Structures are given as C-alpha cells and as structure tokens.
Amino acid sequence: MSFTPRTSYGNFGSSQYMQYALARTGVAMPNCFTYATARISEIVGHNQPLDRYKVSGASQLWNAYAPEYTRSSIPVLGALAIFSGGVAPYYYGHVAVVEGISDGKITISESSYKEFNFRLNKMYQAPGSYYPNGYNNLRLCGYLIHKELAGVKLTNENGTYTLTVPTNKRRDSPNGIIAETLPTGKKLTYTNVTTFNNLRYISWVETEPNGNKYRYFVYAPNNEATNSGYSESQLINEVGVATLTQNVNKRRDTPTGMVVETLKSGKKLTYTNKWIGNGHRYISWVETEPNGNKYRYFVAVSGSEKYGVDQWATFGGPSTDTTAPQTPTTKSEIDESNVKHWGVDLSEHNIDSIDLSVYDFAIIRCCYGENTDKKLDQWIERMNGLKKPYGLYVYDYAINDDEAKAEAQYTINLAKKYKPELGVWLDMEDADEYKKKRNAWTKERAVQTCKIVCKAIKDAGFYTGIYSSTWFFENWFNDSELNQYDKWVAKWDKNDGLYHSDTSSIGTIHQYTSIDSHSGLSLDKNAMYVDFDHYKSKIADNTQKGDNNENKNDVIEDDTKKEQGSESKELTSLLSMIISLLKKLLSIFGK
C-alpha cells in the first residue's frame, strides 16, 4: 500500500477517523492515544484500534496490542512508536506514528494530553532511545507494525537453504522481533518466499510446545548461482586493507547484488575474502548492521580479472597476488578475556520477562531525583532469589547544590535499606533535557553535583562511581577531584547487542549496548572488568571497626578497673602500715 506522511493537523480533527478514535478511546483531543488511533485508521483506510482490550495507558500497548500488529525493533513508515516510563503526568507512557525514516532517525507525528493536537518530532530510532523533548525519562520500547504496512506477500515454494553467515530468525514479519540468531551452516526447510525492501526472505510456520503457531522469516539471498557465476564456495580467504583510488559501488550479497552505497576515492576497507570473475577482482567481508542482521558485501577493486591490470585500489596487509587461499585472521572481534562478569542495568522501563538467570549481576535504578523507581523491589527480589549481586544507581535531576544534597540523602537512605554489594552509582546525563531546559546542564553544574553526591555516598560508607559516556568523561568529568571515584562507561559502538570495545582504562564497568541481540528489544548490557569483591561496601568494614573499638573500650575499661583495684589495695596496705606504726609510737610514749 502507498504511504502519505501527515505533515500538519489541518482538518484532521473533523475527519471520520478522528470521530471513530474519540468514540473508541473516550478521551478528547489533544491526546496521544486518540491521535494515534485516528492516524493509523487513516493510514490503513478503515477503523483500527490500537489495543487488544482497553488499556489505561500507551505504555501498556507493548504487551496488549491488537492482533493486527506485530512488534519490531525496526521502524517502517506508519508504524506506532511505543514509549514507557516517565513521571506524572507521563507515567502512562506515549504513542506516536512514524512519518519518516532517515540516517538512523525517525520523524514522528504526535499529540500530547492537554498540550497540543499535533506536531512533528525527530529522534533516534533504536529501541531504548530517550524521547527528545523531556517528558521525564520516556524511552522507546519499539514499534508496532500493522499487517497491512508490512507489505508481505508470500509465494509458495518448498525448499532447503543453508546459511552462509549468522542470520537472525524473525517472528511474524521480515522485520519482526528476533527469535534467535542462527549460525553459519544451519540448514532450513521453508515453505514460502517473499521479497521485502527488495530483499529475499524464506518463511515457514512452527508450532511451539504451548500449541501457539508462529510464522518465521529469515533473510536468504539467492546466492547459490547468479548471473555473475558467483557462489559462496568460490571465495578465497585473504585478509588485507584496500584504499580506493576511485569511486566504487559497494554491493550486498553478491558481486552484482544491490548497490547499498557508492564509496569515495581514498576510502580504506578491511576485507577477509576475495573473488575473481565477471571481468573484475573483488574484495569481500561481512558486516553486522545496527538491527543485528549480518550481510556480505563486495567491492570491485580492478577493471580486469588479471592481477595488476587497471587497479582501482592500493593494498596493505597480505599480498593480493596470492593464488592459494590464506588462513584469515581468526580474531576479528575484540578480545573478551579482560571481562570478569557480564550483566545488565534495570529500571521500571524494562519489561518484566527478562531472563536474569543468564547474567552475573545487575545495576538497578533505585531512584531518579527523589523518586523511587517503581520496580526497585521487584528487581531486587528477583536478584536475591537468584543469589546474584547487584548495585544501585540514581538518575540525577539536581539543578542546584541543595537538590544535589537532598538527592544524595534520598539515595543513601535507599542504599542503607537494600545494602547493595556492587556500589551506589550516580547516573550523570540529561537524556530527557530536564536540566538543559532549566539552564542546569553545564560542565560546572554537573561536576559540582558529582562532587556533592559522590562524597556523600562515600562518606556514608558505600563504594561509588559516576555513569556517563566517554565524551563527557574526556571533556567534562576530568576534574582531579573526581579521580577518586570509579567510572561506569557508556560506549555503545555499533549498538547491535554485541561487545566491541574495552574501556577498562577508564572505569571498571562498560555499558556496551542498549539492545538485546536475541530479542531485538531494549536492554542495557554491561561488561565488568573486576571481581565483585572490588566493590565491597565499607559499611561492613566500618561496622567491624566499630566493633573493634567497642572491644578496645571494653579492654580499656577492664584494665582501668584492674589498675584502680591495684591502687586501692596498695593504699589500704599503706594505711595499715601507718596505723600500725602509730599504734607502736603511742604505746611507747604512753608508757
């Protein structure tokens, strides 16, 4: 179906779709839920509810959507963007409609309760991204995509397909939720094929143990035989670096596949394979996209199949004049041996169904400002049940010294109640622009808050540190007074759910992604570079010291009593001697 973006409110308020939405929700405009109901109805051309049953807020849509939708971590035009979190009046979450997609960002149309009927807004498209205009910590859960927008037309075809690269298996649609990542060499039996976004997918239906049936999709380029004569088995292993000397197309899946971009002269490319044919010499490699999909790419590096003739690139690394296959470098990913433990950080924004048993630890949000996280008790109970350690963190909202002190004391009170084993951390960021709007998001203010809060937490006897991104650690939080506090470093790299870099030179914890690569849903994941004992709370040490001091005082008291008793005995003995001497003198003079 064709899609026409909505760029203004116009007379939409009097449309048949708005009348339906008002009747369905029972809430007058302006309202995000009512607007989104009318807008999706307009897009599909008929009345369409958002929810399976009437929910109390937009955030509940993520688990109670109407059967016409499927969940996805990847947006399409017309998709519903679902947000959760926030505080009053935004604790009901938010829903908006995707009107545009470009450069990793989405343009959404939206309405807001008692604020505005319509506006366009732009934000990052990755699940877990914060809503850009404040609204107290709203975060993107993901997207609900109507079946009529998916544009999936299945063709009957029975066959088997062998994967040549690790590939995501998605449920309900080609861009649906990731059920699992299938390994290279996996053989799949399929019953249907479809083309989605100019890419070929195979599909089939599976019956789960609980009796539910789901359709699955796997990206499967038809690369066994192409017009170029290419097949995967013809690839030659070779690792090197090519520097382009002219503009060249970068193609996906095969040497003659879809052009994804035109690379400029001077571009350096690291490759792992080469292929010769179709009148050219090609270099090739596999990339993992932000959505978790893996694709093989090809770039022609000469205008001839003959080595050294009409070259379009210069080369470093292994010579390209090798006819026998070379063994490629096996360590293509970052060395993980420095990581001691793998964990997650959690808050009320996370879904309840996270399997915490597969992680070693968690850092749990205890509060934001002076507001306790709604799921604090729930997450701590889960971790205690698994007998796994956890730390706490406070999301900073202080805009002056007094608020920083109050925020610190509120956090300390919670820490004393829950006794975290992995420290109490200060989350120093401004994702919802709360501080920026109050002219309080400056280096001076942020550093001052860090000093106040961290000192208070440390003085209360807890291990503490600061959470922020690498840029802020390098440019803002480089004050020497902050060197005494640990760093929890946010560095997402490709943000594909995988670990790509080591930040142990900056701090002991690295938040390396906001995506769960298995489900495609929002989940902050962390690598820890030290053992748990590193964060041992000084509360216990102080208590122990207090006990020792008390024991010492007891000993001093006993010694004092002994000394007093000894002195008393000596005095009594001396008096006895004096009395005895006086008696003798009196007896002598008396005679």
**Study point:** Cα radius of gyration and Dmax for the stretch 402-441 (Å)
**Key:** 12.7, 35
Practice item. May I ask you to evaluate 6.51 cos²θ - 1.76 cosθ + 1.60, the Karplus curve with θ = phi - 60°, for each residue of the stretch 46-52 and list the ³J(HN,Hα) values in order in whole Hz, giving x for glycine and proline? Key: 7, 4, 9, x, 8, 9, 6
Exercise for review: Could you tell me the largest-minus-smallest coordinate of the C-alpha atoms of the stretch 350-389 on each of the three principal axes, in descending order and whole angstroms?
Suggested key: 31, 19, 13
Review point. Ignoring ligands, DNA and RNA, what accessible area per residue does the stretch 151-277 give at 1.4 Å, in Å²?
Key: 49 Å²
Practice item. Would you pull out the residues with amide H under 5 Å of D496's amide H, same chain only if 5 or more places away, H placed 1.01 Å from N? Key: none
Review point. Using the Kirkwood formula over every pair of different C-alpha atoms, what hydrodynamic radius in Å results for the stretch 181-289?
Key: 16.4 Å
Check your understanding: Given N residues in the stretch 1-110, what is Rg(Cα) / (2.2 N^0.38 Å)?
Key -> 1.01
Check your understanding: On the accessible surface of the stretch 153-296, probed at 1.4 Å, how many percent belong to carbon and sulfur atoms?
Key -> 44 percent
Point to revise | Greater than 23 Å apart at Cα, pairs in K105/K153; K451/K487; K417/K437; K105/K294 | key: K105/K153; K417/K437
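Counting only protein heavy atoms and using a 1.4 Å probe, what share of the accessible area of the stretch 1-127 belongs to carbon plus sulfur, as a whole percent?
For the stretch 1-127, the apolar C and S fraction of the accessible surface comes to 50 percent.
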Revision key, fill the gap. Normalised per residue, the volume inside the convex hull of the alpha-carbon atoms of the stretch 7-57 in Å³ amounts to 77 Å³
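For the stretch 25-141, what does the accessible surface come to per residue with a 1.4 Å probe? Please give it in Å². Walk me through the numbers on the way to the answer.
Details: 4140 Å² over 117 residues.
Accessible area per residue, the stretch 25-141: 35 Å².
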Practice item. Name the residues whose placed amide hydrogens come within less than 5 Å of the amide hydrogen of L346, ignoring near sequence neighbours (fewer than 5 apart) on the same chain. Key: I363, I364, R365
**Study point:** Tail beyond 17 Å, pair distance distribution of the stretch 377-481 (Cα, percent)
**Key:** 53 percent
Point to revise | Solvent exposure of the stretch 403-488 as accessible area per residue, Å², 1.4 Å probe | key: 44 Å²
Review point. Roughly speaking, to the nearest percent, how much of the stretch 472-512's 1.4 Å accessible area is carbon and sulfur?
Key: 45 percent
Review point. If the chain between N338 and T243 were fully stretched, how many nm would it gain, using 0.36 nm times the residue separation less the Cα-Cα distance?
Key: 30.9 nm
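The values are calculated or read from the model by the stated rules, or taken from the named source; none is laboratory data. Keep in mind that what you see is a predicted model, and the values were worked out from it rather than measured. Keep in mind that these areas ignore ligands, DNA and RNA; they rest on the heavy atoms of the full protein, side chains included. Shrake-Rupley method; radii C 1.70, N 1.55, O 1.52, S 1.80 Å.
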